[in-house]
Amino acid sequence: MWTSKEEIREYVWNLMVREKIAAFPIPPHGRIPNFVGAAEASRQIRKLPDYRLARCVFSPPDAVLMSFRRMVLNDGKILAYSTPHMKSFKMMKPGKEVKVSIKDLIGGGEPLTLNVDIAVVGSVAVDRMGNRIGKGSGYGDKELAYLKERNPKLLSGTLVHSTQVFDDFSHLVGEHDIPVDFILTEKELIKTRH
């Protein structure tokens, strides 16, 4: 049985390097890891009827979510996002030229004025109950809490490699941890038991 979130983080980061799953920036240690297959995982959200109906979709600036952010805009939806360290919440409308790097997000967009319908955040690990473990800074939970305050019906998920999905580590969850409703992997869309 896992004894700490940090033990799970180290296991996942080391596994992703050993199995050559990690993608730039490498090494993944200390961050939300990017992985080979992130674009395929992003497309899994299209299986959700809620996504097809969503007007505004949130994604933070993690590298693993770059293809997801691009897809959201290409699908004609408004992209909501936070700048690093939650300095601000912004939105970007779909257009002809889609630029979604961290630099583009910081310099672009406009203040977020809409309710977000769906949020997809990155994780180091997630279990099938919907509990997620981030890199340890707490920003993912703070972002979800902020968005849920504004829209209690917010549907939330995380985008991870299938090796980052665990059965259950709910014994490690704290009061501030916010579970997600679905998991996007390169293989499937998983609806959590949350």
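The values are calculated or read from the model by the stated rules, or taken from the named source; none is laboratory data. Nothing here was measured: the structure is a model prediction, and the numbers come from that model. Note that we place each Cβ from the backbone using ideal geometry, even for glycine, and neighbour counts take in every protein chain shown.
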(request) Given the conditions (1) assigned to a helix (DSSP H, G or I); (2) at positive phi, report the number of the one that K142 does not fulfil. (result) (2)
(message) I want to confirm something. Restricting to segment 71-107 and keeping residues that are crowded, with 18+ Cβ neighbours inside 10 Å and in a helix (DSSP H, G or I), which single residue is modelled with the lowest pLDDT?
(response) L105
(request) Any residue in segment 38-52 that's under 13 Å from F182 (Cα atoms): show its pairings with residues that are among the polar types (S, T, N, Q) at Cβ separation under 8 Å, as long as the two are six or more apart or on different chains. (result) A41/T185; S42/S67; Q44/T185
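Pick from segment 58-70 the residues that are under 24 Å from R150 (Cα atoms) and of a type outside the set (A, V, I, L, M, F, W, C): which of them is surrounded by the most Cβ atoms within 10 Å (Cβ to Cβ)?
Step one: list which residues in segment 58-70 are under 24 Å from R150 (Cα atoms), which gives 58-62, 65, 68-69.
Right, trim to of a type outside the set (A, V, I, L, M, F, W, C) and you get 59-62, 69.
Numbers: S59: 28, P60: 24, P61: 20, D62: 24, R69: 26.
If we take residues in segment 58-70 being under 24 Å from R150 (Cα atoms) and of a type outside the set (A, V, I, L, M, F, W, C), then S59 is surrounded by the most Cβ atoms within 10 Å (Cβ to Cβ).
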(message) Going by what's in this entry, would V120 be described as under 27 Å from P27 (Cβ atoms), hydrophobic (A, V, I, L, M, F, W, C), in contact with a Leu (Cβ under 7 Å, 6 or more places away or on another chain) and surrounded by 16 or more Cβ atoms within 10 Å (Cβ to Cβ)?
(response) yes
(message) So the check is Cβ under 9 Å with 6+ separation or different chains; which pairs have a first residue in segment 1-19 that's modelled with pLDDT of 95 or more and a second one that's among the polar types (S, T, N, Q)?
(response) V12/T163; V12/Q164; L15/T163; L15/Q164; M16/T163; M16/Q164; E19/T163
(request) Take segment 135-175 and flag every residue that is within 16 Å of R31 (Cβ to Cβ) and among the aromatic types (F, W, Y). (result) Y139
